[in-house]
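Taking it in order: structure first as structure tokens, then the write-up.
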Amino acid sequence: MVSTPIGDHALLSDLHTGPLISREGSVDWLCLPRFDSAAVFAAILGTEEHGRWLIAPRDGEVVDQHYEQGTFVLRTRWRTPTGEAESVDFMPSADGRADMVRRIRCLSGTIEVDVDLRLRPDYGATLPWVRRVDTRHGPCLQAVAGPDAYILRGPRLEADGTRHGGVFHLSAGRSCTWVLTWVPSHLEVPEPIDVDAALEDTRRFWTSWSDAITVDGPWADAVHRSLLVLRALTHADTGGIVAAPTTSLPEDPGGVRNWDYRFCWLRDSALTLEALLLHGRTESALHWRDWLLRAVAGDPEDLQIMYGIAGERSLPERTLPHLPGHLGSVPVRIGNGAVAQYQADVIGEVMIALEALREAGVAEDDFSWPLQRSMLRHVTTHLDRKDQGLWEMRGDAHYFTHSRVMMWAALDRGIRAVAEHGLSGPDAEWIRQRDALREEILEHGVSAQTGGFTQTYDTTEADASLLQIPQTGFVPYDDPRMLATVEQIERDLMHHGLLLRYRTATSTDGLTGDEYPFLACSFWLVEQYARTGRLDEATALMEELVDCANPLGLLAEEHDPQQGRQMGNFPQAFSHLALVRAADAIRDAARER
């Protein structure tokens with residue numbers, strides 16, 4: 001098994017895919033050419049034999065690793081018994097190609113560099129046909145498997161069974177550079193890139209975007225990196241935002257809670273839009289709106305909770321039995337069966353985000369507002385329907401209080417669009433339905449025992465999704481029902497200082513096993529604390545959460561506080577956008593104080 005922990009990886013991005021490189025210098029995950037393509041390196045879900053690409057000084061120790069400011073150009077400083085080295089890893093951005101560049105240079109003394117390349121297309125299931133080819137641009141290594149071809153240029157690697165590798169001796173000032181390129185196998189070998197020019201272009205690409213981000217406050221650096229992560233998970237051509245670049249990294253080591261997150265959830269994308277808007281990236285938010293309009297266009301009855309990167313609707317879930325899984329966690333899944341679920345909250349989050357766009361001065365057009373009216377018809381048609389909830393429960397459907405509040409929010413934003421922005425719609429009917437829904441929620445979604453909101457209408461349990469209720473404007477943060485909810489959440493869901501989503505032992509999620517605290521939930525609690533005068537507690541919890549990130553500022557879905565490790569798919573958009581909201585809440589509360 002590959003023993004490198006989930007959080008001990010760096011993310012690269014060319015806004016089409018997102019490889020993970022371990023701190024030891026091994027590319028353990030890479031899907032080409034898209035986030036959701038089959039992986040050619042899948043060691044993070046198995047062993048080296050499922051594909052990896054190691055470049056590292058022999059006997060080297062990492063003494064520093066960081067991204068160049070405002071970019072995804074990764075620099076790693078190594079120390080060996082005989083010398084020092086620095087490696088640079090990046091993916092050229094916005095050039096229409098699929099290249100990964102890896103360069104290592106000896107800074108002082110001498111070093112020996114180990115290279116181990118194991119190309120394994122189709123998630124490690126296929127051995128490609130590998131040969132050396134001579135082109136008019138020089139020799140290269142070509143690996144072909146079905147529709148995919150991989151071209152490696154750089155110092156020659158020798159075949160050793162089903163791998164290619166070598167040991168390279170470097171003295172001070174000398175370097176080696178390799179470039180791995182994906183191309184459809186029916187096309188000719190592409191020209192090599194100019195690595196130095198590509199590096200400069202990539203720096204300019206990222207810094208031109210990140211320099212326009214407006215951030216301040218004590219966690220400005222964490223917010224800045226989080227917004228960059230959200231950008232890195234956005235497909236450059238379509239505008240679709242993937243929830244994470246990985247699949248099946250476990251929420252419960254050795255268990256079955258392993259899901260494919262390389263798709264675009266409407267919920268996550270809508271919340272990301274809000275975060276980008278609040279920090280000066282309106283054009284990125286517009287790019288997402290255009291993706292949304294294309295993805296959900298059609299009969300509102302066909303609305304899904306998630307789509308593919310280009311708006312694909314068919315995301316069938318299947319397992320890969322040849323992969324043993326990270327920490328032995330099986331099954332390894334690709335596709336996501338939750339695509340077929342009804343989750344009543346989704347349209348509410350989308351309508352909140354589109355309202356934020358209107359408030360930012362972005363006008364509706366003859367496509368966007370009619371589509372929103374169509375989504376609101378979907379809400380009103382399904383007012384009496386139970387759902388699977390925010391957490392995609394795979395058990396029975398229920399009336400989830402969070403979902404009902406989000407349906408209220410969808411209608412509320414439609415009403416505002418008519419009243420405040422002059423758009424057309426049956427606002428009188430929406431008002432009647434919104435107000436009736438509010439009465440229903442307050443009657444059935446509040447516990448007579450605790451005085452707080454409940455997870456579903458038929459339980460007294462609380463779950464962390466309830467912390468989003470005041471974010472919608474349904475009640476103020478300091479409403480007595482919210483304060484009672486927070487008290488119950490603190491009592492029932494706090495685990496070593498961080499929040500669980502819900503109590504799995506009493507839930508209806510239909511799954512075996514347990515899970516660790518969900519980072520986004522704890523960030524929501526930070527926001528709740530900050531908005532209700534508990535600024536010291538908000539600050540303390542925020543500090544603990546930011547410390548959960550790896551040294552590069554990346555967060556997974558969950559955190560194991562006892563072993564200090566990140567769990568779940570990585571890096572996770574939901575965690576990073578919740579960090580941004582929490583930091584903004586503390587900043588605002590501090591100013592008010």
> Classify region 383-518: rounded, prolate or oblate, from the alpha-carbon gyration tensor (a ≥ b ≥ c, eigenvalue square roots; a/c under 1.5 rounded; otherwise prolate if a/b is larger than b/c)?
Replying inline: prolate
> What is the extension gain from ARG432 to ALA310, computed as 0.36 nm multiplied by their sequence separation minus the C-alpha to C-alpha distance, in nm to one decimal?
Replying inline: 40.2 nm
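If the chain between ASP384 and TRP129 were fully stretched, how many nm would it gain, using 0.36 nm times the residue separation less the Cα-Cα distance?
Between ASP384 and TRP129, full extension yields 86.2 nm more.
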> Sequence-distant or interchain residues sharing an amide H contact under 5 Å with VAL73, placed H: which?
Replying inline: GLU68
> How much net charge surrounds LEU554 when only other residues with a Cβ under 15 Å from its Cβ are counted (Lys, Arg +1; Asp, Glu -1)?
Replying inline: -3
>> Place a point 7 Å from the Cα of SER424 along the Cα-to-Cβ direction; which residues of region 361-376 have their backbone N under 19 Å from it?
In response: 363-376
>> Can you compute 3J(HN,Hα) from phi for each residue in region 4-18, using the Karplus curve 6.51 cos²θ - 1.76 cosθ + 1.60 with θ = phi - 60°, rounded to whole Hz and x for Gly and Pro?
In response: 4, x, 3, x, 8, 10, 10, 9, 10, 7, 10, 6, 10, 8, x
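With +1 on the Cβ of every Lys and Arg and -1 on the Cβ of every Asp and Glu, and nothing else charged, how large is the dipole of the chain about its Cα centre, in debye rounded to the nearest 20?
Dipole about the Cα centre, nearest 20: 1120 debye.
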>> Run the paramagnetic zone check for VAL256: 7 angstrom along Cα to Cβ, then residues of region 372-398 with backbone nitrogen under 18 Å.
In response: 392-397
>> What is the distance in Å between the Cα centroid of region 389-407 and that of region 223-285?
In response: 21
> Under 5 Å between amide H atoms, partner at least 5 residues away or on a different chain: which partners does LEU107 have, H built in plane at 1.01 Å?
Replying inline: GLU84, ALA85, GLU86, GLY173
>> So the label point goes 7 Å from the Cα of ASP366 along Cα→C-beta, right? Which residues of region 408-449 then have their backbone N under 16 Å from it?
In response: 424
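Would you kindly state the longest site-free stretch of the chain, with sites defined as chymotrypsin sites (Phe, Trp or Tyr not before Pro) in a DSSP loop (not H, G, I, E, B) surrounded by at most 16 other Cβ atoms within 10 Å?
It works out to 1-341.
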>> Give me the base-10 log of I(q)/I(0) for region 66-204 at each q in 0.19 Å⁻¹, Debye formula, one uniform scatterer per Cα, rounded to two decimals.
In response: -1.23
> Assuming a viscosity of 0.692 mPa s and a temperature of 37 °C, what translational diffusion coefficient in µm² per second does Stokes-Einstein assign to region 68-131, Rh being the Kirkwood radius over Cα pairs?
Replying inline: 225
> In whole Å, what are the Cα extents of the chain along the three principal axes, biggest one first?
Replying inline: 73, 48, 46
> What are the residues whose amide H is under 5 Å from the amide H of PHE41, where those residues sit 5 or more places off or on another chain and H is modelled from the backbone?
Replying inline: LEU30
>> Output wanted: per-residue J couplings in Hz (rounded whole) for region 143-151, from phi through Karplus 6.51 cos²θ - 1.76 cosθ + 1.60, θ = phi - 60°, x for Gly and Pro.
In response: 10, 10, 8, x, x, 10, 10, 10, 10
> Within region 67-172, which trypsin sites (Lys or Arg not before Pro) sit in a loop by DSSP and count at most 13 neighbouring Cβ atoms inside 10 Å?
Replying inline: ARG136, ARG156
> Out of region 374-469, which GluC sites (Glu not before Pro) are coil in DSSP terms and have no more than 12 other C-beta atoms within 10 Å?
Replying inline: none
> Residue by residue through region 82-89, which ³J(HN,Hα) values in whole Hz follow from phi under the Karplus form 6.51 cos²θ - 1.76 cosθ + 1.60 (θ = phi - 60°), with glycine and proline marked x?
Replying inline: 10, x, 10, 9, 9, 10, 10, 10
> Rounded to the nearest 20 Debye, what is the dipole magnitude of region 169-208 about its Cα centre when Lys and Arg each give +1 and Asp and Glu each give -1 at the C-beta?
Replying inline: 240
>> If the only charges are +1 at each Lys and Arg Cβ and -1 at each Asp and Glu Cβ, what is the size of the charge dipole of region 90-190 around the Cα centre, to the nearest 20 debye?
In response: 220
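Only loop residues by DSSP count here, and only those with at most 11 other Cβ atoms within 10 Å; note down the GluC sites (Glu not before Pro) in region 117-204 that meet that.
Details: sites: GLU158, GLU188, GLU200; in loops: GLU188.
Hits after loop and neighbour filter: GLU188.
I'd like the Kirkwood hydrodynamic radius of region 465-556, using the inverse of the mean 1/r over distinct C-alpha pairs, in Å.
14.1
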>> What are the extents of the Cα atoms of region 359-445 along their three principal axes, in Å, largest first?
In response: 40, 26, 23
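Every number in this text was worked out from the coordinates using simple rules, so none of it is lab data. A quick note: this is a predicted structure, and the numbers were derived from the prediction, not measured. We place every Cβ from the backbone using ideal geometry, glycine too, and count neighbours over all the protein chains shown.
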